[in-house]
1. Among 51-61, 84-94, 36-46, 280-290, how do they line up by average Cβ neighbours within 10 Å per residue, starting with the highest?
2. Estimate the FRET efficiency between Lys2 and Gln75 by the formula 1/(1 + (r/R0)^6), using the beta-carbon distance for r and 25 Å for R0, to the nearest 0.05.
3. Considering only protein heavy atoms and a probe of 1.4 Å, how much of the accessible area of segment 42-192 is carbon and sulfur, as a whole percent?
4. Could you check the spin-label model distance between Arg34 and Arg299? Points 7 Å from the Cα along Cα→Cβ, value in nm.
5. Enumerate the lysines that Lys190 could reach by cross-link, defined here as Cα to Cα under 29 Å, with residues fewer than 8 away along the same chain left out.
6. Per-residue ellipticity at 222 nm for the chain, helices alone: DSSP H runs ≥ 4 residues times -39500 (n - 2.57), over residue total, nearest 500 deg cm²/dmol?
7. How many angstrom lie between the C-alpha centres of segment 1-44 and segment 240-281?
8. In whole angstrom, note down how far apart the Cα centers of segment 134-200 and segment 47-101 are.
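The values are calculated or read from the model by the stated rules, or taken from the named source; none is laboratory data. This one's a predicted model, so the numbers in the text were calculated from it and none came from an experiment. So basically every Cβ, Gly included, is an ideal-geometry build from the backbone, and we count neighbours across all protein chains shown. These accessible areas exclude ligands, DNA and RNA; they are computed on the full protein's heavy atoms, side chains included. Shrake-Rupley method; radii C 1.70, N 1.55, O 1.52, S 1.80 Å.
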Amino acid sequence: MKIALVGIGKIALDQHIPAISDSSAWDLAATVSRHGSVDGVEAFTDLDQMLEKRPDIRVVSLCLPPVPRFAYAMQALEAGRHVMLEKPPGATLAECHALTARAQADGLSLYATWHSRQADMVGSAKAWLADKRLTRLHITWKEDVRRWHPGQEWVWEPGGMGVFDPGINALSIVTEILPHPIHVSDALLKVPENRQTPIAAELRFFHPQGAQVSADFDWRQEGDQTWTIEAETDAGTLTLSDGGATLQIDGKTSGTAAPLGGEYPRLYAQMSELVEGGGIDMDLSPMTLVADACTLGRREIVAPFQF
Ligand code: NAP
């Protein structure tokens, strides 16, 4: 299938282009980006022009930051194209509902991708937890914003989500592996005095069986990066680390320890299935948790942040 990639920036270059190039199912037929392009691929700076001039391209993958994404996604759907969305699928939940309604009405595929759910050991963790009684779960997601978002001012703007940009990856895993739904019961958001979005957050969640569920997100961690979920159950302890690439159950380790390895090829394989079957996959549960954390959260002003 021919596909157009929109927003040739960090994640398009790091993950989408290699995943599409390595797949026999996909042909990168055009890019839409105001500054970026890919050698040998027709480049547009305007989405409307691409949609008009390339009716043969039926699928559009959006790698933009969340705030501009809705307008691009709606434009592509209105032009009858199937759409794949980077995470988070929009800047607000209402935008995502509007996109879903439009795709449903027109029989188009729409995919809210959650790349961390495709990490190597997430499926095994889910299978192991399925018949256990959870007593405690803690997420530690601490990374260096300067390394992963070098110079990206949008993460600090309204709608940029701040530390929830990586934190939502952890929440996408937890909402996938836990057999019971959770919701946010308490949140503390640490916002730099010169920024609009949090640099760190501490969350607590309600769990229907009374397990203690909590999360600690921080964008100020230099050196080793920590993307770990620890779950204690009535039948042992599970630790998912390296963003879901490594699994340890009661001391026994399995996995690749390669964060992001294989995640994007699996997302494109999933998109291929959705388009072929005419499906929509718009699970918004990770985004609901972030929206609720922002609604409930107490704000604490912390030291200013500069790149
Ligand atoms: P980015 O490099 O800052 O932005 C991607 C591209 O989007 C830019 O190169 C720019 O291309 C275009 N763009 C930016 N602002 C725009 C605007 N206001 N209107 C239209 N186009 C705009 O961001 P990124 O790191 O790739 O992140 C993009 C998405 O991927 C985010 O939702 C992020 O959460 C997700 N993601 C990022 C990472 C990561 O490691 N950075 C990992 C996984 C997922 P032009 O200027 O050429 O138009």
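1. Details: 51-61: 17.4, 84-94: 21.1, 36-46: 13.8, 280-290: 19.5.
Per-residue mean Cβ counts within 10 Å order the peptides as 84-94, 280-290, 51-61, 36-46.
2. Values: r = 18 Å, r/R0 = 0.71.
That gives a FRET efficiency of 0.90.
3. Working: 2840 of 5520 Å².
Accessible surface attributable to carbon and sulfur in segment 42-192 totals 51 percent.
4. Roughly 2.7 nm, to one decimal.
5. Answer for Lys190, where 29 Å is the Cα cut-off: Lys10, Lys87, Lys142, listed by chain and number.
6. On the way: 9 runs with 92 residues, N = 307.
Helices in the chain give a 222 nm mean residue ellipticity of -9000 deg cm²/dmol.
7. Here the answer is 21 Å between Cα centres.
8. 24 Å
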